[in-house]
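The values are calculated or read from the model by the stated rules, or taken from the named source; none is laboratory data. Here the structure is a predicted model, which means the values were calculated and not measured. Backbone-built Cβ (ideal geometry, glycine too); neighbour counts: all protein chains shown. Ligands, DNA and RNA are stripped out before the accessible areas are found, and what is left, the full protein with its side chains, is counted by its heavy atoms. Shrake-Rupley method; radii C 1.70, N 1.55, O 1.52, S 1.80 Å.
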Amino acid sequence: MMRFVLAVAIVCFFSPLASAQSTLSPSTTTATDKVEAVPSATPSASATPQSSPATTSGSTSAEPNRSAAKAAGVLPPEKLHPVKLVMFTKPPVIDGKLDDEVWKSAPIFKDFHQWRPSDTSAASAKTEMMAGYDSRFIYFAFHAYDDPAKVRASVAKRDSIFDDDSIGIILDTFNDKRRAYELFFNPLGIQQDGFLTEGGNDDFSVDIVMESKGELTSDGYTVEVAIPFKSLRYEAGKDKLWGLHILRQIKHVNGEQDSWMPISKDQSGLLSQAGHITGLEGISTERTLELIPSLTLSETGRRKKPVTVAQIAQGGRFVNEPIKFDLGLTGKYSLTPQVTLDFAVNPDFAQVESDQLVVTANQRFPIFFEEKRPFFLEGIDIFRTQIAAVHTRAIIDPDYATKLTGKVGRNTFGLLIASDNGPGNFSEDERTTANPRSLDKNAPVGILRLKRDIGKSDSFVGFLGTYRRFVDTNNLLGGFDGRFRLDKITTFSWQVLATRSRRPFFFSEQGQTLDRNENGFIYAIDYNNDGRHFGHEFSMVGRTRYYRADVGFNRRNNTNNPNWFIRYNSEPKPKARLISWRVYTDFSADFDWQGRSQGANNETQVQFTLKKESYLGVGHDKGYERVFESEFGSKRQPGINCVVTNTCTFAGNDDERSTSNRGLYMFAGSSPNKKVNFNFFANRRWGHFDFDFGAGPKFPRASPTALAAAAAQTNGLCGGSNPPAVCKAPQDPGPGDFWHFDGGITYQPTTALKATLNFTKEKLTRYDTGLVAFDENIISLRSTYQFSRFLFARGRIDFDSIASNYKGQFLLGYTPNPGTALYVGYNDDLNRRGFNPFSGQLEPGFRRNGRTFFIKMSYLFRKSF
């Protein structure tokens, strides 16, 4: 059945392929779409050849104020039509100096506008860009005028220039107003690159091969860039257009963002307001093969269960495993400028840095962690949809993987196939208890994504299908989605998916886990009206009881969640102390497929934007939460006297719990100078549920039933084969007072050294017993010294108070280009006054749980044909 669905989807999408080319007339202007966050700057339009009289800008520090023309919706002639790039006969030297003769023949893009905070104000500083190309590269040169003493520039790691001034481009190489490259640079030329998907998020996980240099000058800073065409996916040739935004961010002017093309907040899209470049003819079409062999050498020591009397006295044994050699290969082959094949054989998918610590106490559902592995990150936005049905971290350790992605005409496609060794790869200790049929078995995984553009804006319809099988379990998922632009500020998005799963399901009515085939369903809708001042968004998502996405991310099942968000933004005043303010209210509810309420909430917030990139906000929420014992275990059945025997899932006569809750919160942040920025969020809630899970040996369960069972145990009543009912201690969720605080401060004393300290605290105290259910404190200190653009040293120390755990990660890295890297690292994991993992006894002093020393190296080989 799944094969038939996939075949039909492919036929429907690609039958009109030949006649589906999307072009835009040179005189056409469009405006739509929505994007809220852009890395460094923003676009406006004006470009003319340097020899033309129209290029005499004559400005000193500020751009001319064209807000009146913008308000009337009129573009100047030099921005109304595409700018034709000049083909260079000699390439410029990429040194950041802008002194090459070829730049004198290049068109100049100038007369920038302010976009943020105000799209009706003049840019506070002059900005210019020049561009040209030859058969192999496209070149850009930027001149950002400013007081060099105020320019913020650091020797940062790639993709870590958010705290610096920056300048760059958004390049829509298919001119489809849906997806574009984001290429930004700080004043020293350090790169930040990624993809922008209209209606989605920025994805800076992608690293493309390019060259850039920048330098501070007496009147600001300059940057030169050379981007190989073979690093891009694109359509080029006669009369082909590329969408272009040129963006600049000025950190010391309240984080102002300026743009070449005017960007109006009366429209909710960014790419639809782009300017255009043309003339890209005579490009050398190359098929490029990239091979990245990798080698990882590691030695790991772990604390293991004791086997001798002496080891029992020591609380365990520490075993150093043999040195491990991991060889891997990843590669990429550009079949055409639009289609790319990626492949990996025994890839090294070890993360150089572990995930950030988070609070796990009292969590009912899984916590989402972002993908960090380069093979899966590249092109991941193709597979991302409104529903998180694809989360590639579900593919743990593939022996091999291959991925075909591209865009032809109006059709975007992605196919990923992998053989995952992770589910059957058990440790030596785990193998003794694991299912023998699962040992050393792989899980085949397949993902198919198809999208077809509709109209001239960012509308589309799509198909998503996934498949995963492991031993006796399997999961099929398939369905359709779409996004339609209704007008310049309104979009409607939807997605429906159906699943067929064979796996052990828990049936609360029988109180049993049974191996069954079950069908599931999920839907999501979103209506978004994103006006200049007033906006509202209605969204709803629902999952049936047996919905599963084995290649995706799963949270609560058997639930429907409608949400209505309403907001008002003031008109920004960039020169005032109070630049802008915003107020919103948000209504949400939850109910299951049986029509029972699971909760509701109403939140109201006001936020103020101030000078020096400062903000302050306060909020209040009031709601209701309800839980059923069938969500946690067996559902009590008529005629079964589990209340008397104290064996129900929930204690007592009631098979559900509910609580009214309310909360107050405050948040703030600021960047008072070049060296310091900080932020914090504080939340106080009344009536917050403790689900009675307990939080380890330090915080055992604090409910009345758990306390009664602990007292009976202490009094010796719970021994023997038939202990009294009081010893059973069923689950007993109850409300309490909840505190949350998280904050961080970053200090950068020099351009090369940066340190960040983060602190998170959560505490929950139950009303009925007055006991603390948990009190978690997480501290993370991270420091990086960037010796050069490519060489850095990084240290990170994390502390978790509930686990009494300290983790240290120390890394020396050299990354001259994407794919070529050398890392030398050491990780350590210790407990101080923690509980022994084998005996449960409190241990004094420090005890090591594990440590790893590793060397990881890779090299990019790149050949064009």
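Evaluating 6.51 cos²θ - 1.76 cosθ + 1.60 at θ = phi - 60° for every residue in the range 763-773, the Karplus couplings come out as 9, 10, 10, 6, 6, 5, 10, x, 9, 7, 6 Hz, glycine and proline recorded as x. Distance from the C-alpha centroid of the range 442-464 to that of the range 246-317: 23 Å, rounded to the whole angstrom. Could you tell me which of rounded, prolate or oblate describes the range 352-433, using a ≥ b ≥ c as the square roots of the eigenvalues of the alpha-carbon gyration tensor, with rounded for a/c under 1.5 and, failing that, prolate when a/b is larger than b/c and oblate otherwise? It is oblate, given that a/c is not under 1.5 and a/b is not larger than b/c.
Under 20 Å of direct C-alpha separation, and excluding same-chain neighbours fewer than eight residues apart, LYS304 reaches these lysines: LYS324, LYS807. Note on the range 365-469: with neighbouring protein chains present and a 1.4 Å probe, carbon and sulfur make up 57 percent of its accessible heavy-atom surface.
Subtracting the Cα-Cα distance of ASP399 and PHE680 from 0.36 nm times their residue separation leaves 96.9 nm of extension gain. Each peptide in 511-519, 373-381, 584-592 was scored by the mean count of other Cβ atoms within 10 Å over its residues; highest first, the order is 373-381, 584-592, 511-519.
Computed from phi, the 3J(HN,Hα) profile of the range 263-271 under the Karplus parametrisation 6.51, -1.76, 1.60 (θ = phi - 60°) reads 10, 9, 6, 7, 10, 8, x, 10, 5 Hz, with x in place of Gly and Pro.
Diagonalising the gyration tensor over the Cα atoms of the range 463-508 and scaling each eigenvalue by 5 before taking the square root yields semi-axes of 34, 12, 6 Å, largest first. Based on C-alpha pairs under 8 angstrom that are at least 6 apart in sequence, the range 287-351 has a relative contact order of 39 percent. Leaving out same-chain residues fewer than 8 places away, which lysines sit with a Cα under 18 Å from that of LYS238? Cross-link targets: LYS84. Relative contact order for the range 68-159: 23 percent, from Cα pairs under 8 Å spaced at least 6 residues apart, divided by residue count. In summary, the aspartates and glutamates within cross-link reach of LYS240, defined as a Cα separation below 13 angstrom excluding same-chain residues under 8 places away, comprise ASP172, ASP176, GLU281. Distance from the C-alpha centroid of the range 677-725 to that of the range 596-612: 31 Å, rounded to the whole angstrom. A simple spin-label model places pseudo-atoms 7 Å from Cα toward Cβ; at SER839 and ALA710 they are separated by 2.2 nm.
Modelled label positions at THR336 and SER864, each set 7 Å beyond Cα in the direction of Cβ, lie 1.9 nm from each other. Eigenvalues of the alpha-carbon gyration tensor of the range 135-254, scaled by 5 and square-rooted, set the equivalent ellipsoid semi-axes at 25, 16, 13 angstrom, largest first.
Lysine pair count for the range 579-709 (Cα-Cα distance under 17 Å; residues 8 or more apart in sequence or on different chains): 4. Using a 7 Å offset from Cα along Cα-Cβ at PHE759, what residues in the range 653-681 end up with backbone N under 15 Å from the label point? Only 678-681 pass the distance filter.
Taking 0.36 nm per residue of sequence separation and removing the Cα-Cα distance, the MET666/PHE810 pair yields an extension gain of 48.4 nm. Using a Förster distance of 30 angstrom, determine the FRET efficiency expected from the C-beta separation of LYS90 and GLU286, and round it to 0.05. Computed FRET efficiency for LYS90 and GLU286 comes out at 0.90. Using the Cβ-Cβ distance between TYR747 and ASP355 with R0 set to 35 Å, the FRET efficiency from 1/(1 + (r/R0)^6) comes to roughly 0.90.
Here is the link list: LYS79/LYS251; LYS150/LYS251; LYS251/LYS575. Which ones come out longer than 18 Å on Cα distance? Over 18 Å Cα-Cα: LYS79/LYS251.
Charges were assigned to the Cβ only: +1 to each Lys and Arg, -1 to each Asp and Glu. The resulting dipole of the chain about its Cα centre is roughly 580 debye. For the chain, the longest principal axis of the Cα atoms and the long axis of helix 2-14 meet at an angle of about 10 degrees. If the chain linking ASP239 and TRP581 were pulled fully straight, counting 0.36 nm for each residue of separation and taking away their Cα-Cα distance, it would gain 118.7 nm.
When a/c reaches 1.5 or more, the comparison of a/b and b/c decides; with that in mind, is the range 447-566 rounded, prolate or oblate per its Cα gyration tensor? Oblate, because a/c is 1.5 or more while a/b does not exceed b/c.
For the chain, a Kirkwood radius taken over Cα pairs fed into Stokes-Einstein (4 °C, viscosity 1.567 mPa s) yields D = 43 µm²/s. Seen through its C-alpha gyration tensor, with square-root eigenvalues sorted a ≥ b ≥ c, the range 215-304 comes out oblate because a/c lies at 1.5 or above while a/b is not bigger than b/c.
Per residue, the average separation of C-alpha pairs within less than 8 Å and at least 6 apart gives the chain a relative contact order of 10 percent. Once Rg and the Kirkwood radius are both taken over the C-alpha atoms of the range 494-625, their ratio Rg/Rh works out to 1.15. A Förster distance of 30 Å, applied to the separation of the beta-carbon atoms of GLU656 and ASN602, puts the FRET efficiency at 0.85.
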